[in-house]
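Chemist: One structure, pasted below without further comment.
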Amino acid sequence: MAGRAIVSDLVAMAHSRGEDAIEAMVREHARLVYRIAHAVLRNHHDAEDATQETFIRVLRHGRKLKLVLDRKAWLARIAWRVAIERRGKRPEVSLDAIENPADQPCTPRQRADDLLIAEQRSELLDRLIAGLPGQLRDVVALSLLQDLAHGEIATILEISEAAVRSRLFRARQILKEKLTLLEKRHGT
């Protein structure tokens, strides 16, 4: 979730400039902006930075706000672009680069095998998603990891809802194939 200090700073900045509409946007949509940034960046601190950068851009272009019909969608697109710019080019992950989760050591603070298994599965899924082609990875990140609706994803990525559904379907097929292959490799 977007840090309270960041939201407070952004609200204060908008308030000091007399930007009531922007202040209201920060209060209403900071969590959405953070979720979008986190879906792309997968890091809390980077997502907070991207959230702040998104609203700073909105402050800079506050005059355009009066012309915007759907402020939530407009803000979501800005957040998406900021996060993509910050992400840069990440290398694709191959199946060979994915280790067997059972081979990784447990940390002392973990008390139950269930916690360990859940964490390892989550890490494995994150690595498999990171290995998807960019267009598929983006849709999966917004849909599965951030729980956004197809219409919201279509607006953010500026594609049709049909394209969102198609990309999700293809991404799920690829993930299922990779998981099946990993299960066969490790005899589980």
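The values are calculated or read from the model by the stated rules, or taken from the named source; none is laboratory data. In this text, all values refer to a predicted model and were calculated from it rather than measured experimentally. A quick note on method: Cβ atoms are made from the backbone with ideal geometry, for glycine too, and the neighbour counts reach across all protein chains shown.
Chemist: Just checking, does the stretch 22-35 include any residue being at pLDDT below 80 and of a type in the set (A, V, I, L, M, F, W, C)?
Modeler: Yes.
Chemist: Answer with yes or no whether residue 101 is modelled with pLDDT under 85, surrounded by 14 or more Cβ atoms within 10 Å (Cβ to Cβ) and not polar (S, T, N, Q). Give the derivation first.
Modeler: Working: modelled with pLDDT under 85: yes; surrounded by 14 or more Cβ atoms within 10 Å (Cβ to Cβ): yes; not polar (S, T, N, Q): yes.
Here the answer is yes, as residue 101 does meet what is asked.
Chemist: Report yes if residue 123 is touching a residue at least 40 places away in the same chain (Cβ under 8 Å) and either farther than 25 Å from residue 37 by Cβ or under 16 Å from the mean Cα position of the chain (by Cα) (or both), otherwise no. Explain how you work it out, then say what you get.
Modeler: Values: touching a residue at least 40 places away in the same chain (Cβ under 8 Å): no; either farther than 25 Å from residue 37 by Cβ or under 16 Å from the mean Cα position of the chain (by Cα) (or both): yes.
Spelling it out, it is not the case that residue 123 is touching a residue at least 40 places away in the same chain (Cβ under 8 Å) and either farther than 25 Å from residue 37 by Cβ or under 16 Å from the mean Cα position of the chain (by Cα) (or both).
Chemist: Checking the conditions here, which among 136, 132, 128 is modelled with pLDDT of 85 or more and outside any helix (DSSP H, G or I)?
Modeler: That would be 132, the only listed residue that is modelled with pLDDT of 85 or more and outside any helix (DSSP H, G or I).
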